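Notes follow once the structure below has been shown.
The values are calculated or read from the model by the stated rules, or taken from the named source; none is laboratory data. If you're wondering where the values come from, they're calculated on a predicted model, not measured in any experiment. Cβ atoms come from the backbone with ideal geometry, glycine included; neighbour counts cover every protein chain shown. Protein only, heavy atoms only, side chains kept; ligands, DNA and RNA dropped before computing areas. Shrake-Rupley method; radii C 1.70, N 1.55, O 1.52, S 1.80 Å.
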Amino acid sequence: MTSLINKLRDWARLIKRDVLALWIAARDQRTPVMAKIIAAAVAAYALSPIDLIPDFIPILGLLDDAILLPLGILLAVQLIPPDLMAQYRESATELSQRPTSRAGLAIVAAIWLAAVIATASWLYARSQTH
């Protein structure tokens, strides 16, 4: 069972790397136009918080992530010259290994917290006037 979990974890890591590589490919002028279009669509779909089929729909909800996304990645990778794809994958690996900024996280969290507090205050004040 542990072996299966490790294989799935590795597979997910490769998918994540390839999505980032496709995002890089979509922005590179050396990528063929059709590959750019497909790479941009796949990366946008993978990085979007909105799913084609919501995950809460039994079976079908996970199918788009488990089947459509890998097929889209496969198609885009086939359209990109292998030497370029190797460069994009290398760049994606480097980007994913960059240290994350805890200060940046704290700033974003503070902004969200302030927005929530401001909204709650506004809603409270509004409810008191009616």
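Descriptive notes on the structure:
- The ILE57 and ASN6 beta-carbon pair, evaluated with R₀ = 30 Å, returns a calculated FRET efficiency of approximately 0.55.
- Relative contact order (%) - the chain, alpha-carbon pairs under 8 angstrom, separation at least six: 28 percent
- Percentage relative contact order, the stretch 1-75, counting C-alpha pairs under 8 Å, at least six apart: 27 percent
- Mean Cβ count within 10 Å, highest first, over the residues of peptides 58-64, 26-32, 39-45, 14-20: 39-45, 14-20, 26-32, 58-64
- Full extension of the segment from ASP83 to LYS16, taken as 0.36 nm per residue of separation minus the current Cα-Cα distance, would add 22.2 nm.
- Size of electric dipole in the chain: Cβ of Lys, Arg +1 and of Asp, Glu -1, about Cα centre, debye, nearest 20: 320 debye
- Excluding ligands, DNA and RNA, the accessible surface per residue across the chain is 74 Å² with a 1.4 Å probe.
- Extended-chain gain in nm, criterion 0.36 nm per residue less alpha-carbon gap, ALA120 and THR93: 5.6 nm
- Candidates MET34, SER3, LEU123 compared by Cα position along the dipole of the chain: farthest toward the positive end lies LEU123, with charges placed on Cβ.
- Accessible area of the chain belonging to carbon and sulfur atoms, whole % at 1.4 Å probe: 69 percent
- Computed [θ] at 222 nm, helices only, for the chain once each DSSP H run of length n ≥ 4 contributes -39500 (n - 2.57): -25000 deg cm²/dmol
- Comparing TRP112, TRP23, TRP11 in a Gaussian network model of the chain, where Cα atoms under 10 Å apart are tied by springs, the biggest mean-square fluctuation is seen for TRP112.
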